[in-house]
Structures are given as C-alpha cells and as structure tokens.
Amino acid sequence: MWLHATCLLEFTIPVATPFLFMLRPRSGGQQWVGREAYILTPSVPVVEFTDPFGNLCQRVMAPAGKFSVQTSVHVECAEAADIAPGAHFVEVQHLPEETLPYLLPSRFCESDRFTQMAASIVVGQAPGYDQCTAIVDYIRRTIRYSPGEGQDIVSACEVNVKTEAVCRDLAHLGIACCRALSIPARLVVGYLEQLKPMDLHAWFEAYVGGRWYTFDPTGDHLNGGRIAIAYGRDAADVAIYTQFGDPVDLLDMTVTVERVEAPF
C-alpha cells in the first residue's frame, strides 16, 4: 500500500542559526520512497550527508525571522509490521558487524543496568523474538502510554520508575532490556498510520532470526503502515532537528499521514 506523509515545522529564529535536520526517509527492505518534496521558506542552501547510522541529514543555516520546513513523501510499505514468533536468538559471534553498536549501553539506554531485570522478565521464553515480546508485554502492563506528556528526554532507568511515558521513552526501556540480553536493538523515528493524536512516532527494532523486527510498546498490535525516517542507538541519534547556538521558538509542528493510491 501507499502512504502520503507530511511534516511542517515553523520557527521564529532570533539570529541566523545553524540547523541539522533529519526528515528524509530512505528506501530499504521495508519501504520504497516513490515521490518526495522538501521546501524551505525562505529558501536557503542545503548540504546533505549520510550519518554513521545510514540516515539522510540536512545542514542548513537558517536566517533570522520566520523559517519553515515542509516535507511531503509518498512511500510504499506494508499494511502491518512483520511478526515472527519463535525467531531465534543470534549469538554475538555470528552477528553482522553493523549490528554490534546496538548491543552497547548508550546515553538513554543503560542496558548494563538491566541485566537482572531483563532476565526476570523473560523467564521461560525461548531466546530471541519471544524474549522481545515478553519485554514489550511487561512495558505495556507496567507503564501507560501517554502521548504528549514528556517533553524532556529521559533514560530507560528513569522511565522504569514512571507510571506513564511517551512512545520514545517506552522504546528506550525496551531497547535497554533487549541489549541486556545480548539482542541488538535500535530506536526508530517515523510515521505511523492512524496514530492518535497524529504526530511523529517512535518504536524500536530488535535483531533476531537474522533480520530486524519491529516492536512497539504503545499498542497491542503492529497494524498500520509505518514509514521509518531515522534509526539510532537512542533519541540522541535521531532528533528530527537540532539547532546550535541561541534557543529558537518552534511555533508549530503539524504531521499528517494518510493512505493513498499509487502516486504514478
């Protein structure tokens, strides 16, 4: 199926400010980018590069005053994320080298502090996909998904003592627990069809059975098309925008996602 997603960011900027944006999805095994537009107002030069995690990043020097970024993308993707109960655990010595950074503790995913907890959550589960499912079930039972309630990024340890959290923070906890079991796990930021309230969304992927699989503690199923924009070890790697220097005001952020016919 095809999804059409848009994102509008509107800023007031006190002085000319360097920005780093991460707003362009890439084609891959789970999605195909068919058409896209990227409009800066006012128009300024853009330098694009690929970061160490394979994300497309745009460097911009935004002028003082009103500044906006409008993106639009048509992506072909599945109607639901793949599931694979029973998919096997991949021993560390057999993991692809590119998955190894996702085994280590990171700024917001202190996996070295979750060894005992993760082991207790997955008692009786087959190593691999079923352990990841048990972790997600535990998060759903113990922490309520509360969109819009967390502006500050918190770590997995901080999330673990809360009773409610946003999607990003729930994903951080899932990632930390997976890594504690030597399962590579990474944060994904992107679009989710029929998300309410509509916004950018975060979930995580774990490497089991020889490939990456989607896990999302915010719901009880994986239905709905997803468009991945960026991947990273945690939220520090996948900010959709980062400004440097004086603070700026984000006046508005509007996200839309709808199912459409093929755009050709």
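Here, each number is a calculation from the coordinates, and none is a lab measurement. The structure presented is a predicted model; accordingly, all values stated were derived computationally and were not measured. Every residue, glycine as well, gets a Cβ built from its backbone with ideal geometry; the counts of neighbours run over all protein chains shown.
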Check: Among residues other than Arg59 whose Cβ falls under 13 Å from its Cβ, what is the net charge (Lys/Arg +1, Asp/Glu -1)?
Finding: -1
Next item on the list: On a C-alpha basis, how far is the centre of the stretch 10-70 from the centre of the stretch 240-264 in Å? Whole number, if you could?
Entry: 9 Å
Notebook entry, point to check: Quick one, what does Rg over Rh come out to for the stretch 92-221 if you take C-alpha atoms and the Kirkwood Rh?
Noted result: 0.94
Next item on the list: List the relative contact order of the chain as a percent without decimals, with contacts defined as Cα pairs under 8 Å and 6+ residues apart.
Entry: 30 percent
Checklist line | Two-site FRET efficiency, Phe49 against Ile153, from Cβ-Cβ distance with R₀ of 35 Å, rounded to 0.05 | finding: 0.90
Next item on the list: Please grab the % of Cα pairs in the chain that end up more than 34 Å from each other.
Entry: 18 percent
Next item on the list: In whole Hz, with x marking every Gly and Pro, tabulate ³J(HN,Hα) for the stretch 185-200 from phi via Karplus 6.51 cos²θ - 1.76 cosθ + 1.60, θ = phi - 60°.
Entry: 9, 9, 7, 10, 10, x, 10, 10, 4, 6, 5, 10, x, 5, 6, 5
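What number, in percent, do you get for the relative contact order of the stretch 1-90 if the mean sequence gap of Cα pairs under 8 Å and at least 6 apart is divided by its residue count?
46 percent
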Item checked: 0 to 90° range, to nearest 10: angle between helix 129-142 axis and the chain longest Cα axis -> 70 degrees
Notebook entry, point to check: Just from its helices, what would the mean residue ellipticity at 222 nm be for the chain, if runs of 4 or more DSSP H residues each count -39500 (n - 2.57) and the sum is divided by every residue, rounded to the nearest 500 deg cm²/dmol?
Noted result: -4500 deg cm²/dmol
Item checked: Given charges at beta-carbon only (K, R positive; D, E negative), |dipole| of the stretch 163-234 in Debye -> 280 debye
Next item on the list: Let me know the charge dipole size of the chain about its Cα centre in debye, to the nearest 20, where only the beta-carbon of Lys, Arg (+1) and Asp, Glu (-1) is charged.
Entry: 80 debye
Checklist line | Contact order normalised by residue count of the stretch 92-221, Cα under 8 Å, 6+ apart, percent | finding: 28 percent
Next item on the list: Could you check which residue among Ala134, Ala37, Ala235 shows the biggest mean-square fluctuation in a GNM of the chain with a 10 Å Cα cutoff?
Entry: Ala37
Note to self: Starting from the Kirkwood Rh over alpha-carbon pairs, what translational D in µm² s⁻¹ does the stretch 182-257 have by Stokes-Einstein at 37 °C and 0.692 mPa s?
What the structure shows: 233 µm²/s
Notebook entry, point to check: In the stretch 101-201, which GluC sites (Glu not before Pro) are in a loop and have at most 16 other Cβ atoms within 10 Å, using DSSP for the loop call?
Noted result: Glu149
Notebook entry, point to check: In the Gaussian network model of the chain, springs joining C-alpha atoms below 10 Å, which of Leu103, Leu222, Leu251 carries the largest mean-square fluctuation?
Noted result: Leu251
